[in-house]
Amino acid sequence: MEATSVKAKKNRQPINRGNIILAVISALLAVLIWVFLSVTVFTDVTVDLYDVGIDFDLEGSYANLAGLSVISSDVDSVNLSFTGRRDSYQDYTNEDVHIKLNLDNVKASGAYDIPLIAESTKGDRISDVVMVPESVHIVFDRIDTKILSFDDGTLTVDMSSVHAAEGHAIDPEGLVVTPSQLVISGPRDYINQVTSCKLTLSGDLNLSESVNLTPSSVSLYNGSAVFEHPDVTLSTDSFNVYVPVYITKELPLRITISGYNDQIDVGSIDYTLSTESILVRSEDSRIEQINEINLGYIDLRDIYPGFVTTFQIPPSSYYTNISGIDSVQVSFDLEGYSTKRISLSNSQIYMINVPADYSVVVEQDIIRATVVGPADILENLDQSNFIAQINLMDYELGAASTRFLTAYIYAPNYPGVWAHDYTQVLVSSEPKPQNPPEQADDGQDNNQ
């Protein structure tokens, strides 16, 4: 065993350090030679890039001056390879290459196959360029805009599924659309085909109050046909439609007869209206508290058998008249009534509410008037059944004067009889002296 071990030791060779050093030097030399050859002999490198975006800018071209725009293209990027110096191009990325359009042949609207040009964004020269595809198919056209407006009827609202609850109404004229205009943009030929836009409200709504609704769809139309094209764009597809819902109510009409004396029974005077009631609407719930419309007042002295007058239906801040009726005729047939002419003496003229510091004298001996009343009563009355009354509270007397004042004539014991006259009576008045001298009583009656 020992002899074998000694023999093995004799067969081992010592490590030759010189060989190791030589191997390292050889490797370094090989690298240096490769670098030298790459720089001096193999100077160019082929660069492959994928999905490099195409620049569709028309700036500086005739197409741009002609107002053309790119409407569509069949591709928006290319794959390319090119050759260039290794030291400059081996680190190139998509951002270092600019793919632009050769627009020399584009002079008018239409479809063109446009050659593509590849350039270095760093200013380097590239050669042997291979692009896939080499050209892009582009449609050019002029871009136009059109405004569709709710005010002019080119922007409309479809409310076929929106209804008002019982006792309520919706007025399409009261709709408010926000925004009220829609701007559409696209190729001129397509824009010219668009005639309107319709906003559709849906949901089978039964409304009892005013609401804001969002349309379920926004559709362009060419006449009655829906128009769709991907190159036509809308300034917005978000709208709000305010739908006013009104309370509707039938309101009776009436007039008020103004009597000049509490003894006149104005309630016994019948009249006829050409329209007894009108239909009104309101968004204000206070309309529920209004039960009639007063057309206005008629002075009793204007009324006589056969008298007819017309009232305009007054406007109101609470409601809107939707009946289509603007005026109402009022007639007083007064069947069974008649008129009579009477004369009253000075002694039948009375003044009330005479100021204590004034002297007032009637300067007329007789006044005449026409009275109205039921024929069977009026035929049994004469002037002795009537009086004339002047209410001085209606006047500012002031300094001494003589003027005509209005007298109200009626029959005190017959409340259904009145005077169809604005009877004027000549009256003089003057302030009483502060300290009047004593005067003999001559018994004269001055009707004070």
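The values are calculated or read from the model by the stated rules, or taken from the named source; none is laboratory data. Everything quoted here is computed from the prediction, not taken from an experiment. Backbone-built Cβ (ideal geometry, glycine too); neighbour counts: all protein chains shown.
Here are the numbers for the structure shown:
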{"quantity": "Strands (runs of 3 or more DSSP E) wholly inside the range 235-334 that include at least 1 residues being in contact (Cβ under 8 Å) with a residue 60 or more places away in the chain", "calculated": "240-243, 245-258, 277-282, 327-332"}
{"quantity": "Scope the range 154-211; condition β-branched (Val, Ile, Thr), closer than 14 Å to ASN222 by Cα and in a strand (DSSP E or B); matching residues", "calculated": "THR156, ILE184"}
{"quantity": "Candidate set from the range 115-147 (those that are among the hydroxyl-bearing types (Ser, Thr, Tyr) and part of a strand (DSSP E or B)); member that is modelled with the lowest pLDDT", "calculated": "SER127"}
{"quantity": "Which listed residue is out of contact with any strand residue (DSSP E or B) (no Cβ under 9 Å at 6 or more places or on another chain) and over 12 Å from VAL243 (Cβ atoms), from SER202, SER224", "calculated": "SER224"}
{"quantity": "Residue tally, condition farther than 30 Å from LEU65 by Cβ and either of a type in the set (Phe, Trp, Tyr) or free of Cβ contacts under 8 Å to residues at least 12 places away in the same chain (or both), over the range 126-152", "calculated": "2"}
{"quantity": "Candidates TYR422, TYR395 - the one that is outside the structural domain of THR275 (by TED's automatic domain parsing), free of Cβ contacts under 8 Å to residues at least 12 places away in the same chain and under 60 Å from the mean Cα position of the chain (by Cα)", "calculated": "TYR395"}
{"quantity": "Count of the range 140-155 residues which are touching a Leu at 6+ places or on another chain (Cβ under 7 Å) and not aromatic (Phe, Trp, Tyr)", "calculated": "6"}
